[in-house]
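Working notes, structure below.
The values are calculated or read from the model by the stated rules, or taken from the named source; none is laboratory data. Please read these numbers as outputs of a predicted model, since none were measured by experiment. We place every Cβ from the backbone using ideal geometry, glycine too, and count neighbours over all the protein chains shown. What goes into the accessible areas is simple: the full protein's heavy atoms, side chains included, and nothing from ligands, DNA or RNA. Shrake-Rupley method; radii C 1.70, N 1.55, O 1.52, S 1.80 Å.
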Amino acid sequence: MSKPKTFGFDTLTLHAGQQPDATTGARATPIYQTASYVFKSTDHAASIFNTERTGHVYSRITNPTNAVLEERIAALEGGVGAIATASGQAACHLAIATLMGANSHIVASRSLYGGTHNLLQYTLPRFGIDTTFVDPRDSDAFRDAIRDDTRLIFGETLGNPGLEVLDIPTISDIAHAHGLPLMVDSTFTTPYLCQPFELGADIIFHSATKFLSGHGIVIGGLLVDGGLFDWESSTRFPVLTEPYSGFHNMRFTEEFGPAAFITRARKEGARDFGACMSPTTAFHILQGMETLPLRMEKHVANTRKIVSFLNDHEAVEWVSYPDLPDHPDHALAARLLPRGCGAVFSFGVRGGRSAGQRFIDKTELLSHLANVGDAKSLVIHPASTTHHRMDDAALEAAGISEGLIRLSIGLEDSDDLIEDLNRGLRAAVKG
Amino acid sequence: MRLTVDGQSVFVYTGNSEHIHNQSAVVFIHGAGLDHTVWVLPSRYFSRHGFNVIAPDLPGHGRSSGVGLNKIETMADWIIALLDASGVEQASIVGHSMGSLVALATAGRYPDRCRSLCLLGSSIPMSVTDELMNSARNNEHAAIDMLTYWGYSTQAQLGGNENPGLWMVGGTLRLWERARPGVIHSGLQACHTYEAGMDHARAVRCRTQLILGERDIMTPVRYGRELAAKIEGSQTTIVKGSAHSLMTERPDEVLDALITIV
């Protein structure tokens, strides 16, 4: 026998998680639009409920279409398993609620998606979970913020909207030295651009609404377990190491080894919180993921052209994109993101808020909306939309100036995008 | 639960149930470098159906202390010591891969202690390639890659897990990555140097079943059948489409087959 040949990334984006349907031979993943599943007998039912046999009980917990998507993202990330959720926010919440309860603490990058910031800053404290926000570029700040009740270190692979590159190897070392897992939101990079588990992360979540889907027609999230964190050596996670009375005293680390976290997230979190993904949504996301490598390659190529154009334009005050040599994380990005730094970036128009508004109002091809990662190019003004709940101090801390404009570059002809940008910039300059 | 065997602390998974006096016992023996978690589903089934489940982490593996044993016969002796420590006179012995050889040696050398025997992914010989052995000796990740990918059928390497949402290849890689240095090598060495298999097969006196994967390239069906031919009255179940990692690729078919023999 020669050395095993493993399947490549592009092959896995098309095939991982799916075997042609045994009954019909369907090549595409069928949409199993069903709430529940018929048992063969009372003992068969009991066996599935008691985790003796495999199978589906109820689509809030598992569904065959969702299972294909879950396996596919786990394969692409190099994890042990995943759970498809109703949104990226639901995936983030599921992870946090699985790992901790009241009187717990999170250390998080302060450069986060506005929705995540809301969850950590305003909502979770009502349930006894506090967060200390730190500068994502200051690894010592992560270390200094860790407390006895800390249960998680958290950041985004690329900060939103400042594109701070999270130094995953360094921060994961800090987390692990304190018996803590590192969770990253990898939405902006997808597994095509960044493999956080290889860099040291333990848990990944995605808003699958974005680049993974690419079409902007569904809302969905994915939570992925790397199976790497040693929950038992840490003394901080009795939820995984001690008997769980909510499931006949199941001990997750003892019974499921590397899959302890994702198994508890499903058996408790999917069951009780119920933020599940529709199987039709899973189907749509799967269609998008089949072209992920092709799309990400063009997203990055287009973005590089647009960044170059803006960087040379007299109406543009600054451009922030880690590919640029003057970006503070340029060297780190070259190391962690060799295939590119994604397709979301921000820039400032000379003239501040009013110039920025004129720019957005004049563009025609760019869609003004609150999303990123679509095949179509998008534009937004974060200070008045996605991050509007943050006060001035928080905005400044997150690196969001009043005139900052965020672009998500799509797959159009780059010349057409440049023409549209030029139209907007001319309007911004005219005043 | 924890037991002391040969002076070492041993972890025994029981299917998350307390043992009940006078219930029949079933022992599940894992393969080289692995641990009891490969038996979680059948362990939970049999513990709910009136059996005392004994799924140990072999010495040096998982949660058990000690060092990995490098002879199949030594491991069979250890299984008997484990039965003694458990207060069990006779049990069904189930083993997978290296564990199947341990089960065979136990049944062949201690026929009075075995009520029935089930060998999964088994063959005599169970030789190991030089490439794999050398990688394991050097604790290289390449050994884990070989064991993992050779252990799954091509289709299973792409997924389609019957256990929803879990990536089979990823889970297996992570499990082997937890093995302590030298443990995989000692297990592979035990498999490679086991020469008394056919003699032990002829000495088996209990009901026996072999469960073999149709696409197993590590313990091919052809060699499994030759082993079965040496065990009087044995039955063989071929699991279509599956390779060596039977309990992961076809957990329900494996359980159905186990129910007929345990």
- Neighbouring partner chain Cβ atoms per residue of A:222-229, average, 10 Å criterion: 3
- Item | Residues with amide H under 5 Å from that of B:V67, placed H, sequence gap 5 or more | B:G60
- Query: Within the range B:50-93, what residues put their amide N at less than 19 Å from the label point 7 Å along the Cα-to-Cβ vector of A:N249?
  - Reply: B:50-56
- Query: How many lysine pairs are close in the protein assembly as shown, with Cα atoms under 26 Å apart and the two 8 or more places apart or on different chains?
  - Reply: 17
- Query: Just which residues of the range B:10-44 lose 30 Å² or more accessible area with every protein chain there, against their chain alone, with the probe set to 1.4 Å?
  - Reply: B:Y13, B:N16, B:T37, B:V40, B:L41, B:R44
- On the accessible surface of the range B:52-205, probed at 1.4 Å with all protein chains in place, carbon and sulfur together account for a percent value of 47 percent
- Task: May I ask which residue of A:T116, B:H61, B:G87 lies farthest towards the positive end of the charge dipole of the protein assembly as shown, with charges of +1 (Lys, Arg) and -1 (Asp, Glu) on Cβ and the Cα centre as origin?
- Result: B:G87
- Item | Listed residues B:L255, A:V372, A:P322: farthest to the positive end of the dipole of the protein assembly as shown (Cβ charges) | B:L255
- Task: Find how many whole Å separate the alpha carbon centroid of the range A:185-208 from the alpha carbon centroid of the range A:369-431.
- Result: 24 Å
- Query: Looking at the range A:124-233, which trypsin sites (Lys or Arg not before Pro) are in a loop (DSSP not H, G, I, E or B) and have at most 15 other Cβ atoms within 10 Å?
  - Reply: A:R147
- Query: Taking N as the number of residues in chain B, what is its Cα Rg relative to 2.2 N^0.38 Å?
  - Reply: 0.91
- Task: Treat every Asp and Glu Cβ in the range A:1-100 as -1 and every Lys and Arg Cβ as +1, leave all other atoms uncharged, and give the resulting dipole magnitude about the Cα centre to the nearest 20 debye.
- Result: 140 debye
- Quick one: compute a quarter of the convex hull surface over the Cα atoms of the range A:310-415 and quote it in nm². 7.3 nm²
- Item | Helix-only [θ]222 nm of chain A, DSSP H runs n ≥ 4, -39500 (n - 2.57) each, per residue, nearest 500 | -10000 deg cm²/dmol
- Once both axes come from the Cα atoms, what is the angle between helix A:292-311 and the longest principal axis of chain A, in degrees from 0 to 90, rounded to 10? 20 degrees
- Take every residue in peptide A:15-26, count the Cβ atoms of other chains within 10 Å of its Cβ, and give the average of those counts. 3
- Note on the structure: Per the helix-only model, chain B has a calculated mean residue ellipticity at 222 nm (DSSP H runs of ≥4, -39500 (n - 2.57) each, divided over all residues, rounded to the nearest 500) of -12000 deg cm²/dmol
- Message: I need the calculated FRET efficiency for the pair B:V67 and A:H44, taking r as the beta carbon distance and R₀ as 51 Å, to the nearest 0.05.
- Response: 0.75
- What is the diffusion coefficient of the range B:1-70 in µm²/s, taking the Kirkwood radius over Cα pairs and the Stokes-Einstein relation at 20 °C with a viscosity of 1.002 mPa s? 176 µm²/s
- Neighbourhood net charge (9 Å Cβ-Cβ; Lys/Arg +1, Asp/Glu -1) for A:E164: -2
- Order the peptides A:361-367, B:43-49 from the highest to the lowest mean number of other Cβ atoms within 10 Å of their residues. B:43-49, A:361-367
- Task: Return the residues of the range A:45-60 for which accessible area with all protein chains present is lower than in the chain on its own by 50 Å² or more; set the probe to 1.4 Å and exclude ligands, DNA and RNA.
- Result: A:E52, A:R53, A:T54
- Message: Using a probe radius of 1.4 Å on heavy atoms only, what accessible surface per residue do you get for the range A:20-106? Whole Å² is fine.
- Response: 37 Å²
- Item | Residue-normalised accessible area of the range B:125-235, given per residue in Å² at a 1.4 Å probe | 43 Å²
- Quick one: angle between helix A:352-362 and the longest Cα principal axis of chain A, in degrees between 0 and 90, rounded to 10, please. 80 degrees
- Inter-centroid distance (Cα atoms) of the range A:84-151 relative to the range A:213-246, Å: 14 Å
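Estimate for me the total accessible surface buried between chains B and A (protein heavy atoms, probe 1.4 Å, no ligands or nucleic acids), in Å² to the nearest 100. Walk me through the intermediate numbers first.
Details: alone 11310 and 18280 Å², together 25610 Å².
Answer for the B-A pair: about 4000 Å² buried.
How big is the dipole moment of the range A:142-215 about its Cα centre under a simple scheme where the beta carbon of each Lys and Arg is +1, that of each Asp and Glu is -1, and everything else is neutral? Debye, nearest 20, please.
Taking the Cα centre of the range A:142-215 as origin, the dipole is about 180 debye.
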- Task: Please work out the FRET efficiency for the pair B:T74 and B:T154, using the Cβ-Cβ distance as r and a Förster radius of 41 Å; give the result to the nearest 0.05.
- Result: 0.70
- Just need the Rg to Rh number for the protein assembly as shown, please, alpha carbons only, Kirkwood Rh. 1.03
- Relative to the longest principal axis of chain A, what angle (0 to 90°, nearest 10) does the C-alpha long axis of helix A:414-430 take? 50 degrees
- Mean-position separation - Cα centroids, the range A:272-318 and the range A:24-42, in angstrom: 31 Å
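Other chains' Cβ within 10 Å of B:249-258 residues: what's the mean?
2
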- Task: Using a 1.4 Å probe over the heavy atoms of the protein chains, calculate the carbon and sulfur portion of the accessible area of chain A as a whole percent.
- Result: 50 percent
- Treating the beta-carbon of each Lys and Arg as +1 and of each Asp and Glu as -1, no other charges, what is the dipole magnitude of chain A about its Cα centre, to the nearest 20 debye? 900 debye
- Message: Given a 1.4 angstrom probe, what's the average accessible area per residue across the range A:218-324, in square angstrom?
- Response: 37 Å²
